[in-house]
Every structure is written in C-alpha cells, then in structure tokens.
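Throughout, read-outs are computed from the coordinates displayed, never taken from laboratory work. In this text, all values refer to a predicted model and were calculated from it rather than measured experimentally. Here the Cβ positions follow ideal geometry from the backbone for every residue, glycine too, while neighbour counts run over all protein chains shown.
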Amino acid sequence: MSDLSVTKRFKIPDSDLRWSASRSSGPGGQNVNKVNSKVTLRWTPVAQPGFDDSWRHRFMSRFSTRINREGELVLHSEKTRDQNRNLADARARLVGMLLECRLPPKTRTPTRPTLGSKKRRIEGKRRLSDKKRLRGRPQRDD
C-alpha cells in the first residue's frame, strides 16, 4: 500500500500502519469459514512531522477508549466481504478521525439577553402566573 495522506503536510508512512486479517463474524454462507476478510488496523500516534502536539492531545483525549495500553489506536472493519475494501474502509476511518479533531473547538463568547427578550420572558411568566391563579377557588367578597 502507499502512505496515508491526511493533509498536505501530514502523511502517515505505510511502515507505521500495521494491519492483520481475521475471520469476520456473522452470516456468510459457504464462504464464511474460509476467507479472512475482517481487517484490524493498528497505528501508534507518535511524534511525526505535521502531527503537532495540540492536535495529538485532542486526538488522544477524543479517542482514548480506542487506544490500548501500548498506545496503539485499534480499528476494526468488517463491512464488506472483501479484505481490500475493508482495509480501505479502516484507512478512511482513520483519516476521518484525525480530521475530526484537527482544529481546536471554537471558544464560546458569552452574550447578554436583549431587552425585548427580557420583556417577553417576564410577560410569559406573568401570563402563566395569572392562568394558575385563576384556577384556584374564587375569593369571597364580604
């Protein structure tokens, strides 16, 4: 296979990606017991050119449940009955995961409610209060 291109500056060398094939689960007819079509892709997100520390930190915290004790990201793919397509799917999922956390999240700028929204809120509360007050027993006039 070739290097996995994530961005223009960041490519994962093919030597850093390890994959293995095993038997896929589920129904499959006569072919199920003979073909190793499930693909397990392993990658260690170590210091590489183009993969800066903040991006790595976001990636490691976002996908910490998929990283094992040895520090390897483990992806499985058994969508199709073809080993090559499952490998391509796993590689595409890895690229998608990396691009998902590439940019830092936008910081929230706090805003203040407008005068009109304050008035509408108070008016709605008053209307609801009047409705509930009118549900009670009528007051006697002496």
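Inspect region 89-100 for any residue being in a helix (DSSP H, G or I), closer than 30 Å to Trp19 by Cα and touching a His at 6+ places or on another chain (Cβ under 9 Å) and give the result as yes or no.
yes
If I filter region 52-66 down to residues being under 29 Å from Ser22 (Cβ atoms) and touching a residue at least 12 places away in the same chain (Cβ under 8 Å), which single residue comes out as surrounded by the fewest Cβ atoms within 10 Å (Cβ to Cβ)?
Arg62
If only one of Thr80, Thr111 is free of Cβ contacts under 8 Å to residues at least 40 places away in the same chain and among the β-branched types (Val, Ile, Thr), which one is it?
Of Thr80, Thr111, the one residue that is free of Cβ contacts under 8 Å to residues at least 40 places away in the same chain and among the β-branched types (Val, Ile, Thr) is Thr111.
Could you list, in sequence order, the residues of region 115-140 that are assigned to a helix (DSSP H, G or I) and not charged (D, E, K, R)?
Leu115, Gly116, Ser117, Ile122, Gly124, Leu128, Ser129, Leu134 - these are the residues of region 115-140 that are assigned to a helix (DSSP H, G or I) and not charged (D, E, K, R).
Yes or no, residue by residue, for (1) of a type in the set (Gly, Ala, Ser); (2) under 30 Å from Val35 (Cβ atoms):
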| site | (1), (2) |
| --- | --- |
| Asp52 | no, no |
| Ser61 | yes, no |
| Glu70 | no, yes |
| His76 | no, yes |
| Arg81 | no, yes |
| Cys101 | no, no |
| Thr107 | no, no |
| Thr114 | no, no |
| Lys119 | no, no |
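Being closer than 17 Å to Leu4 by Cβ and among the hydroxyl-bearing types (Ser, Thr, Tyr) narrows it down to one of Ser77, Ser64, so name that one.
Just a single option satisfies the conditions, and that option is Ser77.
Evaluate region 41-51: report whether one residue or more is without any contact (Cβ under 8 Å) to a residue 24 or more places away in the chain, assigned to a loop (DSSP other than H, G, I, E, B) and surrounded by 14 or more Cβ atoms within 10 Å (Cβ to Cβ).
Within region 41-51, not a single residue is without any contact (Cβ under 8 Å) to a residue 24 or more places away in the chain, assigned to a loop (DSSP other than H, G, I, E, B) and surrounded by 14 or more Cβ atoms within 10 Å (Cβ to Cβ).
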